[in-house]
Amino acid sequence: MLTKEGCQKRQERLRQRLSDAGVDAIAIVHPVEIYYFTGVLLPETFPAQPALLWIQTDGSSWLAAHSDAGEPLVDACYTYECSVGYTMNSYMRTQLSELVADRLRGTTATRVGYQREFMVKMLADHVDKGLGATVEWIDMDEQLHQMQEIKDEDEIALIRKAVQ
């Protein structure tokens with residue numbers, strides 16, 4: 001698993017990139033990138049429970065997901081119900097979107113980075129709703145890709161272990 005120290009370093013580098021680009025916060029939705037920055041590996045196979053990692057350039061962060069297990073490197077975790085009884089919840093994306101809108105109320109951000117390849121419209125609309133302002137969406141896919149080209153010590157250790 002990735003280490004807390006490695007995740008902290010990656011978050012610091014991300015915040016610097018956000019600051020350099022004049023971006024107030026980033027909404028990360030892909031499980032691999034959430035793992036990269038928090039150390040918590042969420043399911044990626046269908047039907048993957050959706051999640052959103054919110055990182056403010058000023059330092060605060062939170063994760064909204066189906067579970068808060070695994071001690072993600074964030075200030076707070078918020079969860080929604082992914083199943084009712086033992087039946088999969090058909091409205092997970094709606095629940096996540098409403099949870100995100102609620103958590104963003106009172107947050108100030110007008111330039112928001114996002115993953116163009118993975119952000120669904122309903123979730124983006126709820127980010128807008130929660131922020132209560134006109135949001136300028138900034139595509140951060142290339143920035144995230146560039147960050148992952150250079151490996152940290154914890155990533156190299158995992159690669160070595162996989163090779164063995």
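The values are calculated or read from the model by the stated rules, or taken from the named source; none is laboratory data. Since the structure is predicted, the reported quantities are computational estimates derived from the model, not experimental observations. Heads up, the Cβs are rebuilt from the backbone with ideal geometry, glycines too, and the neighbour counts pull from every protein chain shown. In case anyone asks, the SASA skips ligands and DNA or RNA and just uses the protein heavy atoms, side chains included. Shrake-Rupley method; radii C 1.70, N 1.55, O 1.52, S 1.80 Å.
Which of rounded, prolate or oblate describes the chain when judged by the alpha-carbon gyration tensor and an a/c cut-off of 1.5?
Oblate is the answer for the chain, as a/c is 1.5 or above yet b/c matches or exceeds a/b.
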Counting heavy atoms of the protein chains only and a 1.4 Å probe, report the per residue accessible area for the chain as a whole number of Å². 55 Å²
Relative contact order [Cα under 8 Å, 6+ residues apart], the chain, whole percent: 22 percent
re the stretch 106-164: pairs of Cα atoms spaced beyond 16 Å account for a percent value of 58 percent
Which of the three applies to the stretch 86-136, rounded, prolate or oblate, going by the alpha-carbon gyration tensor with a ≥ b ≥ c and a/c under 1.5 meaning rounded? oblate
Sum of side-chain charges, residue 96 neighbourhood, beta-carbon under 12 Å (Lys, Arg +1; Asp, Glu -1): -1
Of all accessible surface on the chain at a 1.4 Å probe, what whole percent is carbon and sulfur? 51 percent
Spatially proximal aspartates and glutamates relative to residue 161 (Cα-Cα < 20 Å; intrachain offsets below 8 disregarded): 5, 149, 152, 153
Order by protection proxy (mean Cβ within 10 Å, highest first), peptides 95-108, 139-152, 50-63: 50-63, 95-108, 139-152
Of all DSSP beta bridges having both residues in the stretch 32-164, the percent classed as antiparallel (nearest 5) is 45 percent
What value, in deg cm²/dmol to 500, does the helix sum -39500 (n - 2.57) over DSSP H runs of n ≥ 4 give at 222 nm once divided by the residues of the chain? -13000 deg cm²/dmol
